[in-house]
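These notes are about the structure you will find just below.
Bear in mind that the values in this text are calculations on the coordinates, not laboratory data. All values reported here derive from a predicted model rather than from experimental measurement. Cβ sites come from the backbone with ideal geometry, for glycine too, and all protein chains shown count toward neighbours.
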Amino acid sequence: MHSGKRTAVLASTVAALVGIGVANSTYASAAPSCESKICEWEQIDYKGHKKTAGLVDGVCYHGNEVASVVITADTKVRFYSGKRCTGLTKVKGKGSISNMTEYAGFLAYSYKKV
C-alpha cells in the first residue's frame, strides 16, 4: 500500500473511532436529583419507579433489581449480584451509575454500606 493510501486509511479509521466514542457518550442519561442517601431504579438510565433508602451500617438492602443508581452519601456502597448481599461485588462511592450491568458486569440485586 502506498504511504498516501495508508495515511488516508489511518485517518478514516481514527475519525470513525472518535465518532463512535462521541456517539456512545451522548446516550448516557444525566443523573437525576436524589433527596435520600441512595436512589435506585429497576431500569437503566434512571427509568421506572424510583426507590430511596438510607445507608445504615451492617444492613443489607435487597428485594429490588438495581439497574441504575445515584449515591449522595459520603460513603461507599458495595453492590452484589446475589439477592442477600452475596455473589459478585462492585464498590462505588458518591456519584451515579446509569447502567449497572455495564459498570459492574452484573445487575445488582442487593447492596450495603461499606
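Given their separation in residues at 0.36 nm each and the Cα-Cα distance between them, Glu35 and Ala53 gain 5.5 nm when the chain is fully extended. Return the distance in nm (one decimal) between the two label points of a simple spin-label model at Leu107 and Arg78, each offset 7 Å from Cα along Cα→Cβ. Label at Leu107, label at Arg78, 2.4 nm between them. Is the stretch 48-114 best put as rounded, prolate or oblate by its Cα gyration tensor, with a ≥ b ≥ c the root eigenvalues, rounded for a/c under 1.5, and otherwise prolate when a/b is larger than b/c, oblate when not? It is rounded, given that a/c, with a ≥ b ≥ c, falls under 1.5.
Measuring spread by the Cα atoms of the stretch 30-72 yields a radius of gyration and Dmax of 10.1, 30 Å.
Could you tell me which GluC sites (Glu not before Pro) in the stretch 30-114 are loop residues by DSSP with no more than 10 other beta carbons within 10 angstrom of their beta carbon?
Details: sites: Glu35, Glu40, Glu42, Glu65, Glu102; in loops: Glu35.
Passing sites in the stretch 30-114 are Glu35.
Loop-located chymotrypsin sites (Phe, Trp or Tyr not before Pro) in the stretch 26-75 (DSSP state other than H, G, I, E, B) with a sparse environment of at most 16 neighbouring Cβ atoms within 10 Å: Tyr27.
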